[in-house]
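Everything below concerns the one structure shown next.
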């Protein structure tokens with residue numbers, strides 16, 4: 001009996017921590033949920049993918065993951081801390097269209113002199129706990145937020161910890177003009193002190209104008225959730241941002257499927273696409289693309305130049321840490337497309353002749 005009592009008390013402590021600690025975010029209100037019931041992609045209180053998507057693993061997959069945890073690739077993270085390129089703030093603050101990568105899926109883009117951050121996860125660990133989870137390969141990058149110019153907009157693809165970071169948002173929120181998020185994600189931001197009138201939620205294919213830019217949230221095949229009890233209560237997606245000269249697309253997280261061709265037909269061609277192609281595994285192929293699939297998705301959306309994202313910052317899968325970019329380079333050569341591979345912190349000018357100065361820097 002005493003063991004049952006102790007187990008119950010431990011469960012209550014854990015549940016209370018999840019409920020009351022702000023890192024886990026908030027939950028959509030009753031009014032929001034009522035609004036979502038009008039959507040085709042919201043069923044029985046949960047958001048769903050365009051196609052039925054398996055979200056579970058069998059017992060065999062579970063045990064094979066345990067085996068890979070102990071005996072998998074030895075190069076799953078760099079041998080030492082990754083250096084960060086000196087950030088060229090003058091280039092970023094200029095009126096030129098540009099993109100600056102901060103590792104994984106975090107980057108700053110400048111279009112028509114509007115400064116915008118996408119998935120600004122600059123914290124040290126992709127986890128709600130500082131002592132558990134994958135540590136960033138480079139130094140903590142939160143200090144960069146203090147040096148950034150005022151940010152016109154932040155775009156969030158979904159609420160997973162490697163994309164929506166509590167310390168980053170808390171440090172960033174007062175210098176951001178507006179936040180654009182998938183449906184439901186506003187609940188997290190509001191709990192973290194972002195004013196409701198600074199947040200706009202979008203469903204898939206919603207389109208709006210923002211300071212002369214055309215913005216749309218596009219579908220992806222993924223899932224969401226930050227706690228034990230809120231799986232898929234918020235939406236996920238990619239972003240289209242069209243400026244006067246640059247037509248920009250980023251996929252967000254998600255598996256390969258027919259939605260990429262739909263996006264290309266509706267919004268392509270794109271000057272540049274940033275495609276997720278890391279942290280993949282055969283056991284969760286439905287929610288993350290391989291590098292080869294990322295290249296194909298880039299072709300599907302009718303992209304011009306391509307960057308691979310979702311690698312270079314955290315170990316969240318069992319492949320080698322450089323495998324995503326190496327496989328993408330090989331596949332891009334086959335497809336005869338220009339694959340950009342900037343160092344972390346490097347700014348690329350989107351001037352029609354896109355190159356990076358540090359080819360294959362990871363070697």
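A few comments on the model shown:
- In the stretch 14-37, of all residues being over 26 Å from the mean Cα position of the chain (by Cα) and modelled with pLDDT under 95, the one that is nearest to residue 231 (Cα to Cα) corresponds to 15.
- Here residue 146 fulfils each of the conditions (1) assigned to a helix (DSSP H, G or I); (2) in contact with a strand residue (DSSP E or B) (Cβ under 6 Å, 6 or more places away or on another chain); (3) surrounded by fewer than 18 Cβ atoms within 10 Å (Cβ to Cβ) apart from (2).
- Hey, residue 140 at pLDDT 95 or above and under 24 Å from residue 279 (Cβ atoms) or not: no
- Pairs linking a residue in the stretch 129-141 that is at negative phi and loosely packed, with under 13 Cβ neighbours inside 10 Å to a residue that is in a loop (DSSP other than H, G, I, E, B) and at pLDDT below 90, with Cβ atoms under 6 Å and 6 or more positions apart or on different chains, do not occur.
- Considering residues of the stretch 270-283 that are more than 16 Å from the chain's Cα centre (by Cα) and buried (at least 18 other Cβ atoms within 10 Å of the Cβ) only, the residue modelled with the lowest pLDDT: 281
Each row is one residue, and each column tells you yes or no for (1) surrounded by 21 or more Cβ atoms within 10 Å (Cβ to Cβ); (2) touching a helix residue (DSSP H, G or I) at 6+ places or on another chain (Cβ under 8 Å); (3) at positive phi; (4) at pLDDT below 95.
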{"position": "314", "(1), (2), (3), (4)": "yes, no, no, no"}
{"position": "324", "(1), (2), (3), (4)": "yes, yes, no, no"}
{"position": "336", "(1), (2), (3), (4)": "no, no, yes, no"}
{"position": "350", "(1), (2), (3), (4)": "yes, no, no, yes"}
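- Residue within the stretch 272-294 that is in a helix (DSSP H, G or I), touching a strand residue (DSSP E or B) at 6+ places or on another chain (Cβ under 7 Å) and closer than 19 Å to residue 237 by Cβ present: yes
- Some residue of the stretch 218-233 being over 23 Å from residue 111 (Cβ atoms), part of a loop (DSSP other than H, G, I, E, B), touching a residue at least 40 places away in the same chain (Cβ under 8 Å) and touching a strand residue (DSSP E or B) at 6+ places or on another chain (Cβ under 6 Å): yes
- Candidates 196, 91: the one that is more than 19 Å from residue 216 (Cα to Cα), in contact with a strand residue (DSSP E or B) (Cβ under 7 Å, 6 or more places away or on another chain) and surrounded by fewer than 17 Cβ atoms within 10 Å (Cβ to Cβ) is 91.
- Near pairs, Cβ below 8 angstrom, 6+ apart or cross-chain, from the stretch 80-101 (at pLDDT 95 or above) to any residue that is part of a helix (DSSP H, G or I): 87/144; 87/147; 89/147; 98/91; 98/92; 100/92
- Residue 152 meets each of the listed conditions (1) surrounded by 17 or more Cβ atoms within 10 Å (Cβ to Cβ); (2) touching a helix residue (DSSP H, G or I) at 6+ places or on another chain (Cβ under 9 Å) apart from (2).
For every residue, the table says whether it meets (1) under 17 Å from the mean Cα position of the chain (by Cα); (2) farther than 30 Å from residue 65 by Cβ; (3) outside any loop (DSSP other than H, G, I, E, B).
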residue: 297; (1), (2), (3): yes, no, yes
residue: 304; (1), (2), (3): no, yes, yes
residue: 313; (1), (2), (3): yes, no, no
residue: 321; (1), (2), (3): no, no, no
residue: 330; (1), (2), (3): no, no, yes
residue: 334; (1), (2), (3): no, yes, yes
residue: 343; (1), (2), (3): no, yes, no
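- Annotation: residue 255 fulfils all but one of (1) under 28 Å from residue 184 (Cβ atoms); (2) buried (at least 24 other Cβ atoms within 10 Å of the Cβ); the unmet one is (2).
- In the stretch 153-191, the residues that are more than 19 Å from the chain's Cα centre (by Cα) and either in a loop (DSSP other than H, G, I, E, B) or touching a residue at least 40 places away in the same chain (Cβ under 8 Å) (or both): 190, 191
- Residue satisfying all of: in the stretch 234-264; more than 15 Å from the chain's Cα centre (by Cα) and part of a loop (DSSP other than H, G, I, E, B); nearest to residue 126 (Cα to Cα) among these: 256
The values are calculated or read from the model by the stated rules, or taken from the named source; none is laboratory data. Remember, predicted model here, so these are calculated numbers, not experimental data. Positions of Cβ are backbone-derived with ideal geometry, glycine not excepted, and every protein chain shown enters the neighbour counts.
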